[in-house]
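This report refers to the structure that appears directly beneath it.
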Amino acid sequence: MKGTVRLAVVSVLCLLLFGTCTFFLRNLIFGGVKATYEEAEPNYSEYNDQWISYEVIACLGCYAEGTESYNFIPTGHEYYYMVWMVDGSVMPLSVSKKADREYLDALTDATYDYVDGKTDMIEMEPRTFLGTVKTQESEANQYYREALTYLEISEADGWVVRNVLLDCTKTRASYILLCGGVMMIPVIGIAVTIVTAKKEKRKRDNPTMDYLPH
């Protein structure tokens, strides 16, 4: 009886935990693109945990590298790039996938070839990035400021400097896997509860088994 009650409690907790995780991440798991970066940036807090897109056409380089984490748990590395926007302003963007880094590094070279007059245009196709908007962490923001100073980019000189980060380090699949990982915790709990309940039942049915090696 105790084992059955324990199993029922764990099952309920399992459903509650999975439901809570899915509820809070529902926009990132099931939702589509909510807005472009230009639309979301002025009031970015209204777009928490929603997909935002931006078509990158030029890049001024990587200014920082950090550790990607979720709820203080390290999950990988992230790289911060300064993007030169179509309206002439600059914005921060972070990525983690190797393919994204290689594209942005190549785009940086193509951008400076254009700036230095080596080419008449940026000779790379634009790419649309998908992510979420948020403020930069203090250390990354410091490096962003230092990069702006190094490149002599300032609002005093007529530049528009955007500070809201487009975080492209995660994908829809990563959030689905996150929910799956959360789900595995109570599933393991259920499995342990079932095994424990069976052992207790065997002991009750066969008291002499207590004297046998396990």
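The values are calculated or read from the model by the stated rules, or taken from the named source; none is laboratory data. In this text, all values refer to a predicted model and were calculated from it rather than measured experimentally. All Cβ positions, even for glycine, are placed from backbone atoms using ideal geometry, and neighbour counts span all protein chains on display. Protein only, heavy atoms only, side chains kept; ligands, DNA and RNA dropped before computing areas. Shrake-Rupley method; radii C 1.70, N 1.55, O 1.52, S 1.80 Å.
Gly88: assigned to a strand (DSSP E or B), open to solvent by less than 60 Å² (accessible area, probe 1.4 Å) and at pLDDT 60 or above, yes or no? Answer is no for this residue. Provide a single number: the residues in segment 149-169 that are surrounded by 14 or more Cβ atoms within 10 Å (Cβ to Cβ) and assigned to a helix (DSSP H, G or I). So the count comes out to 0. Does Arg172 qualify as being open to solvent by 80 Å² or more (accessible area, probe 1.4 Å), modelled with pLDDT of 95 or more and under 25 Å from Glu39 (Cα atoms)? Spelling it out, it is not the case that Arg172 is open to solvent by 80 Å² or more (accessible area, probe 1.4 Å), modelled with pLDDT of 95 or more and under 25 Å from Glu39 (Cα atoms). For segment 91-113, taking the residues that are β-branched (Val, Ile, Thr) and farther than 16 Å from Thr169 by Cβ, the one that is surrounded by the most Cβ atoms within 10 Å (Cβ to Cβ) is identified as Thr111. Please verify whether Gly181 is exposed (fewer than 12 other Cβ atoms within 10 Å of the Cβ), at pLDDT below 95 and within 23 Å of the chain's Cα centre (by Cα), treating the condition exactly as stated. Yes, satisfied.
Pairs only if they're at least six apart or on different chains, beta carbon under 8 angstrom, first in segment 102-115 and over 18 Å from Glu65 (Cβ atoms), second surrounded by fewer than 16 Cβ atoms within 10 Å (Cβ to Cβ); list them, first residue then second. Note: pairs meeting the criteria are Ala110/Thr119; Ala110/Glu123; Asp113/Thr119; Asp113/Glu123; Tyr114/Asp120; Tyr114/Met121; Tyr114/Glu123. Every condition in (1) at pLDDT 60 or above; (2) among the hydroxyl-bearing types (Ser, Thr, Tyr); (3) open to solvent by 30 Å² or more (accessible area, probe 1.4 Å); (4) within 14 Å of the chain's Cα centre (by Cα) is met by Thr36 except one, and the failing one is (4).
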